[in-house]
Amino acid sequence: MNADDLGSPRELTGLQRRRALYQPELPPCLVQVYDMMGTRIRVEFGDSTTTIDSKCADIVAQAFPHIFGQKLVRFLEPHMDTVVSESDAQVIQENSPIRVGVVFSGRQSPGGHNVIWGTYDALKAQNPHNVLLGFIGGTEGLFAKKTLEITDDVLSSYKNQGGFDLLGRTVDQIRTTEQINAAKATCCDLNLDGLIIIGGVTSNSDAAQLAEIFAEHNCKTKVIGVPVTLSGDLRNQFVETTVGFDTVCKVNSQLISNVCLDAISAGKYYYFVRLMGGKASHVALECALQSHPNMVILGEEVAFSKLTLKEITNKICDGVEARAEQGKHHGVLVIPEGLIESIPEMYALIQEINNLHSNNISEADIPSQLSPWAAALFKFLPSFIRRELILHQESDNSAQLSQIDTEQLLAHLVEAEMNKRTKEGKYKGRKFSSVCHFFGSQARGSLPSNFDCNYAYVLGHICVQIIAAGLNGYMATVTNLKDSTNKWRCAAVPLAAMMSVRRHLRGPGAVPIGKPVIHPSPIDLKAESYAVLREKASSFLLDDFYRTPGGIQFEGPGAGTKPITLTIEEQDYLGDIEILQAYLDKVRTILKPGCSREILKASISSIASVNDVLKFMSAPLNTELPLYHFN
């Protein structure tokens, strides 16, 4: 598609037209009250924030002195009266017109268009003269000042639609001095009050850097981040899931379930399915819970258990043998695309190749420049994997994981091992046969689920309230997502609060190394969702306990379903903060000057114990968990 085609009206199918009529829901805290003074939204400024890793706080504060330590901001349900007491939350009343820019900076993810729609509706509700400008062609359009004014007519054929083709996207980075200066010049020349950056961990890290530079140079533009990424790896105490994750998992789960039924029908093939998910395996975990394949290998498990490529191959072969003993010569294995980087020797090889790329060594010369051990491993690998490993890097200088056919590598190694076991007389089943699939871009352009439509639309509204409150360097967030929309908690969280510095070693003596960024969040192997998968692993492996979720439902009983990993976890961080605040308020009431000495002593002892417990819990742990499905 040419840049000139972006934002153009498009012909919609009957299903698309019906989806365009769907009106996303808003929680009560974002319903604007209208009166003679304009529109009003109540906001509560909480305590100053720290970082996810408290030991990195000083480093983050030095790197981001202007946006570090900002307060957590919550949006509250408005009072219907016009009088607000001094002790109540502040009220935003925005009357003068404002100008806001929005840019797609991450990979396309279902629901991204609804962030723009929600932003537009909130802006026009505040003041009909507000202006929303979309940057055509992603960040390169931002640098080049290529804009499209968002109007009702422009939005009409993009509401609740998949893809990012309203504006498009390009290099997904705002990092170099030249890029930052170009972005700053654009915002100043266009007189923007706010810039909304839609993307994942890398894009929101860049948003934090941009916000810091803008604050340092007194640029009036407020930079806001929005968590939109299909991989679901932008996840922390403030971000329960990302826009697009639900849709992508539902689409992929349907495909996996179709493969499962095909496998059991033919009874003679093993399907190796690779799913999107680089640094984290959230998509693979969610899809496994939805579709119940026979085996799932998560990158986090392999990394913690330090399994080699040979050990993984043997474990899969053991599963094939166990099924053959029951007369089953078919099965489905699901892996994330980032699995190959979780295997110790493959990770080291990829790092060495990346370093050679960074030193401008050509792809053709890389094999000859490898160290002896890396060269030996490289030579051992099939030729197709060797070609894929040396491809040029992504924009963030990482390997092109989507182009590395890890599923074909495993199928190749498993077939070789099964043939070997057959010759040795250890395996007496049928000849092993495999079929490989990579489910990647197939789901990225899907019509978003109702959940993603609502979630993205709400985040767009929050962005406008953040800008109206004059906040810079924040991310729009929603918690309590597993509940109904009218119980969602909306907030603005400082981007710096989500930043940390990687530790190259685990344990109390680990030293932070590198630059503060928002890192991808891996699967928590102590989480309830992972425990559920562990409990069902044996049944998945041997019983063909396949589940068919079907296609995405937009109406009827299944239209409101949400990710399983979201619904079974207790993640309402803002709600927990409210509970804690209520207890602290009660303590303050009891411990007013004049209370008895016994009460005072009891409180000191209790608080000291709580302090010791929290100090112990804050120390980094050095634990490893076994692979659940191979025990």
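The values are calculated or read from the model by the stated rules, or taken from the named source; none is laboratory data. Just so it is clear, the structure is predicted and the values come from calculations on it, not from any experiment. Here the Cβ positions follow ideal geometry from the backbone for every residue, glycine too, while neighbour counts run over all protein chains shown. Accessible surface is based on the protein model in full, side chains and every heavy atom, while ligands, DNA and RNA are left aside. Shrake-Rupley method; radii C 1.70, N 1.55, O 1.52, S 1.80 Å.
When L495 is tested against (1) modelled with pLDDT of 95 or more; (2) loosely packed, with under 15 Cβ neighbours inside 10 Å, exactly one condition is not met: (2).
Scanning the range 306-350 for residues that are assigned to a helix (DSSP H, G or I) and in contact with a Lys or Arg (Cβ under 6 Å, 6 or more places away or on another chain) yields a single hit, P344. Pairs meeting the criteria (first residue in the range 528-540 and open to solvent by 30 Å² or more (accessible area, probe 1.4 Å) and small (G, A, S), second residue modelled with pLDDT under 95 and not in a helix (DSSP H, G or I), beta carbons under 7 Å, at least 6 apart or on different chains) are S539/F545.
Just one of S446, S441 is under 26 Å from T241 (Cα atoms) and either of a type in the set (K, R) or free of Cβ contacts under 8 Å to residues at least 60 places away in the same chain (or both); which is it?
S441
Filtered by the rule that a residue be buried (at least 24 other Cβ atoms within 10 Å of the Cβ) and either in a loop (DSSP other than H, G, I, E, B) or under 20 Å from the mean Cα position of the chain (by Cα) (or both), the range 252-277 gives N252, S253, R274, L275, M276, G277. Based on what the data block shows, is E598 of a type outside the set (A, V, I, L, M, F, W, C), assigned by the TED database to the domain that holds S529 and exposed (fewer than 12 other Cβ atoms within 10 Å of the Cβ)? For E598, the condition - of a type outside the set (A, V, I, L, M, F, W, C), assigned by the TED database to the domain that holds S529 and exposed (fewer than 12 other Cβ atoms within 10 Å of the Cβ) - is not met.
Of the residues screened, E321 is one that is among the charged types (D, E, K, R) and under 28 Å from D544 (Cβ atoms). Contact map, the range 40-56: first residue modelled with pLDDT of 85 or more, second residue among the charged types (D, E, K, R) and part of a strand (DSSP E or B), Cβ cut-off under 6 Å, separation 6 or more or different chains; pairs are E44/R74; F45/K71; G46/K71; S48/K71. Scan the range 293-305 for residues that are open to solvent by 10 Å² or more (accessible area, probe 1.4 Å) and assigned to a loop (DSSP other than H, G, I, E, B) and the total you get is 0. The condition of being in contact with a strand residue (DSSP E or B) (Cβ under 9 Å, 6 or more places away or on another chain), closer than 22 Å to K515 by Cβ and polar (S, T, N, Q) holds for only one of T221, T202, that being T202.
The criterion of at least 1 residues that are modelled with pLDDT under 85, over 23 Å from the mean Cα position of the chain (by Cα) and farther than 30 Å from R17 by Cα is met by the following helices (runs of 4 or more DSSP H) wholly inside the range 512-631: 573-590, 597-618. Go through the residues of the range 165-179 one by one and say whether even a single one is closer than 29 Å to C29 by Cα and buried (at least 18 other Cβ atoms within 10 Å of the Cβ). Yes - at least one qualifying residue is present in the range 165-179. Among the residues making up the range 356-373, those that are touching a helix residue (DSSP H, G or I) at 6+ places or on another chain (Cβ under 7 Å) and farther than 15 Å from M346 by Cα are L356, I361, I366, Q369.
Scanning the range 353-383 for residues that are within 30 Å of the chain's Cα centre (by Cα) and open to solvent by less than 50 Å² (accessible area, probe 1.4 Å) returns I353, N354, L356, H357.
The single residue among T186, T151, T221 that is β-branched (V, I, T), assigned by the TED database to the domain that holds A491, surrounded by fewer than 18 Cβ atoms within 10 Å (Cβ to Cβ) and modelled with pLDDT of 95 or more turns out to be T151.
For (1) under 23 Å from the mean Cα position of the chain (by Cα); (2) under 30 Å from F45 (Cβ atoms); (3) of a type in the set (F, W, Y); (4) part of a loop (DSSP other than H, G, I, E, B), each residue gets a yes or a no:
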{"position": "L409", "(1), (2), (3), (4)": "no, no, no, no"}
{"position": "H412", "(1), (2), (3), (4)": "no, no, no, no"}
{"position": "E417", "(1), (2), (3), (4)": "no, no, no, no"}
{"position": "G425", "(1), (2), (3), (4)": "no, no, no, yes"}
{"position": "G429", "(1), (2), (3), (4)": "no, no, no, yes"}
{"position": "F432", "(1), (2), (3), (4)": "no, no, yes, yes"}
{"position": "V435", "(1), (2), (3), (4)": "no, no, no, no"}
{"position": "G460", "(1), (2), (3), (4)": "yes, yes, no, no"}
{"position": "I466", "(1), (2), (3), (4)": "yes, yes, no, no"}
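So the check is Cβ under 6 Å with 6+ separation or different chains; which pairs have a first residue in the range 121-146 that's over 24 Å from D172 (Cα atoms) and a second one that's assigned to a helix (DSSP H, G or I)? Pairs found: A122/H461; A122/V464; L123/V464; N130/L123. Scanning the range 415-429 for residues that are surrounded by 15 or more Cβ atoms within 10 Å (Cβ to Cβ) and of a type outside the set (V, I, T) yields a total of 6. Looking at the range 108-218, the helices (runs of 4 or more DSSP H) lying wholly inside it that each contain 3 or more residues that are out of contact with any Pro (no Cβ under 8 Å at 6 or more places or on another chain) and polar (S, T, N, Q) sit at 177-189, 201-216.
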